[in-house]
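Here the structure comes first, spelled out in structure tokens, and everything after it is commentary.
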């Protein structure tokens, strides 16, 4: 099987996925980042009454259209404590921001535009505009109005309006469940003492964090040795849990100790493709096992994380009905870049601003796919397409931002 171009592999994976439209009802305070499964209609009108937008005096426009008019103050209206009477000719009601405008009044004179006189009287000192400083009933939304549409991701502003619409809970799409399985006789969990031929299993934590940040729940299937029976049992646990995706870490190639692909096929997996024309990450595996997507990531940490960014994150976002994360950009290289071979290269690099405020990317001298420290210090991946020519310092180059906040 020839190596598959990265863009084609991404397209085939995403084309095989459909958003999960099963939903659940959750409390409003747990809905940040979740996607509405139904249109959300207002349960009341907001504001529920004509309300004052400022502190001042509620009155009739015709009584104070010009400066110099004098009116008698007959009461007060505050938020939560409405004035129960009505405003008549030559009368005004002291009113505060958010308070109901009393019957008969149609305008609010700012308190700084009113001179207080004796005997509960005021004099207007500034021209009045009819209707000024009044928020009319229903200005924001009306009862039964669709305010938030299905498919919207809930953020701080949408949560605020959902609460104002009197919804204590929301129907949202269920988050994808991602089962993560690490394989290899050489792996031990953090906190254990590795044997002479063993290493600490680290990929689960980075891939798990990436999955959660993309909008998924994560089921950690643990570490299993290079044993077909134990791998099969772990696959079964993912199926029982009704995982939407099983992500395997390591063992997806076809070496003597790489049992994941063969075991998956024996369990019923339909292999779509594997071996991608990319560096790092060539032995990526993609398939399906019933309704469950199968994504086999390489065991080397950098390979696993790069493939996670390029394949797992967009898959989860599509399953969760969330928009893609924007990570792509164009910067300038700070150093010469050599011509590339037939595989698309993703070079870990740092970013810095030049004197003009433009980003400059500088790749680390060593790009070995087992090096985790380098990845932790990287800001982006420089993308070198297949057969890309050499570049001189200052030339434009494509990058994948590891931290989208750098996009500005």
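Estimated at 0.36 nm per residue, the fully extended path between residue 262 and residue 26 surpasses their Cα-Cα distance by 80.9 nm. Counting only alpha carbon atoms, the long axis of helix 203-214 and the longest principal axis of the chain meet at about 30°. Could you please state, rounded to a whole Å, how far the C-alpha centre of the stretch 92-118 is from the C-alpha centre of the stretch 214-278? Their Cα centres are 70 Å away from one another. Result for the chain in a Gaussian network model with C-alpha springs under 10 Å: among 278, 165, 30, the largest mean-square fluctuation is at 30. Taking 20 °C and 1.002 mPa s as conditions, the stretch 51-135 diffuses translationally at an estimated 178 µm²/s according to Stokes-Einstein applied to its Kirkwood radius (Cα pairs). Computed from Cα positions, the angle between helix 228-240 and the longest principal axis of the chain comes to roughly 20 degrees. Between residue 116 and residue 396, the modelled label-to-label distance comes to 6.5 nm, taking each label 7 Å out from Cα in the direction of the beta carbon. For the chain, the fraction of alpha-carbon pairs lying more than 37 Å apart is 47 percent, rounded to a whole number. Calculated from the alpha-carbon coordinates, the stretch 346-408 shows an Rg and a Dmax of 12.0, 35 Å respectively. As a length-normalised measure over Cα pairs under 8 Å and 6 or more apart, the relative contact order of the chain settles at 15 percent.
To the nearest ten degrees, helix 6-15 and the longest principal axis of the Cα atoms of the chain are 60 degrees apart. Note that the stretch 196-294 shows a convex hull volume over its alpha carbon atoms of 120 Å³ per residue. Note on the stretch 127-193 and the stretch 313-354: Cα centroid distance 29 Å, given to the nearest whole angstrom. Adding -39500 (n - 2.57) for every DSSP H run of four residues or longer, then dividing by how many residues the chain holds, sets the calculated 222 nm ellipticity at -5000 deg cm²/dmol.
Taking the inverse of the mean 1/r over every pair of distinct Cα atoms in the stretch 270-388 gives a Kirkwood hydrodynamic radius of 15.7 Å.
Any read-out appearing in this document is the output of simple, stated calculations on the displayed coordinates, not a laboratory observation. Note that this is a predicted model, so its numbers are computed, not measured. Counting neighbours? That spans all protein chains shown, and the Cβs are built from the backbone with ideal geometry, glycine included.
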